[in-house]
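Remarks on the structure that follows.
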Amino acid sequence: MSIQLAPSILSADFSALGAAVAAVERGGADLIHVDVMDGHFVPNITIGVPVVQSLKRVATAPLDVHLMISDPDRYIDAFAHAGAAMISVHVEVLPHLHRTVHALKALGVKAGVVLNPSTPPAAISEVAGDVDFVLVMSVNPGFGGQSFIARSTSKVAEVRALLDRAGNASAPIEIDGGIDQDNAPLVVAAGARILVAGSAIFRGGDPERATRELKAAALRALPSTAPASR
Ligand code: DX5
Ligand code: ZN
């Protein structure tokens, strides 16, 4: 399993999202991470279905839609039809998580479940064999530009072990929040394979270059699968 880099457009200039997507795609972005916030589950309001529809028209990379909303069951159909390739939902708001995961799959999108920093890996144990990916939050969701919570690295390893025990070795772990060139190698070594980054990509003024450099840093940490030379 290689590395996928998913720049979060939350930190981009919202008046020029098309240019932001084009820049990170030139830099080698594998996915475009879209942060949907409702001002209820998290203390911020961002974007909704019409923006995903517009992004779908300009993006070549698949759209990875992260729903930080209190009632995802009500909106997954709309986000799937708007063009999401992957949709992740927070376990903290879903009493019928198994039903939601299978509803996502029935819509033809990759089904992801998200763990807040205070939510233990065990919260997903009963759906670990069903999910297409797991998103480990390494900040408390709501805003870009926060500091990486160091405990997240060992949590990635715990979630990896849980997925493997459930027979779901092909489901990647995504990590989101405070990812930069310093901690990317650590989370990759722990087992993360999809890296979200917002401020590390967009705050420096050259998102194309930042994408290229962050992806290279993450790839360098990937355990080699090549046979050892004699
Ligand atoms: C946080 C969002 C993240 C955020 C990441 O609630 O889910 O995707 O945009 O931004 P950085 O990389 O700046 O932490
Ligand atoms: Zn996110």
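How large, in percent, is the carbon and sulfur part of the accessible surface of the chain at a probe radius of 1.4 Å?
Exposed carbon and sulfur together represent 52 percent of the surface.
How long are the semi-axes of the ellipsoid equivalent to the chain, from square roots of 5 times the Cα gyration tensor eigenvalues, in whole Å, largest first?
On the way: eigenvalues 112, 106, 52 Å².
That gives 24, 23, 16 Å for the three semi-axes.
Per residue, how much accessible area does the stretch 127-230 have with a 1.4 Å probe, in Å²?
46 Å²
Would you work out if the stretch 28-109 is rounded, prolate or oblate? Take a ≥ b ≥ c from the square roots of the eigenvalues of the alpha-carbon gyration tensor; rounded if a/c is under 1.5, else prolate when a/b is larger than b/c, oblate otherwise.
Here the stretch 28-109 falls in the oblate category.
What's the Kirkwood radius of the stretch 105-225 in Å, using all Cα pairs? Let's see the in-between values first.
Numbers: mean 1/r = 0.0676 Å⁻¹.
Mean inverse Cα-Cα distance, inverted, gives 14.8 Å.
State, as an integer percentage, the relative contact order of the chain based on alpha-carbon contacts under 8 Å between residues 6 or more apart.
With pairs under 8 Å counted, the relative contact order is 22 percent.
Want the number for R203 to I45: 0.36 nm per residue separation, take away the alpha-carbon distance, what's left? All intermediate terms of the calculation are to be shown ahead of the outcome.
Numbers: separation 158, 0.36 × 158 = 56.88 nm, distance 2.00 nm.
So the extension gain works out to 54.9 nm.
In nm, to one decimal, how far is the R220 label point from the R151 one, both placed 7 Å along Cα→Cβ?
Rounded to a tenth, the inter-label distance reads 3.0 nm.
About its Cα centre, what dipole magnitude does the stretch 1-97 give when the only charges are +1 on Lys and Arg Cβ and -1 on Asp and Glu Cβ, stated in debye to the nearest 20?
300 debye
Where a Cα-Cα gap under 22 Å defines reach, which lysines qualify for K215, not counting those fewer than 8 residues away within the same chain?
Partners within reach: K155.
The values are calculated or read from the model by the stated rules, or taken from the named source; none is laboratory data. Please read these numbers as outputs of a predicted model, since none were measured by experiment. Here Cβ is always computed from backbone atoms with ideal geometry, including for glycine, and neighbour counts include all displayed protein chains. Heads up: the accessible areas ignore ligands, DNA and RNA and are worked out on the full protein's heavy atoms, side chains in. Shrake-Rupley method; radii C 1.70, N 1.55, O 1.52, S 1.80 Å.
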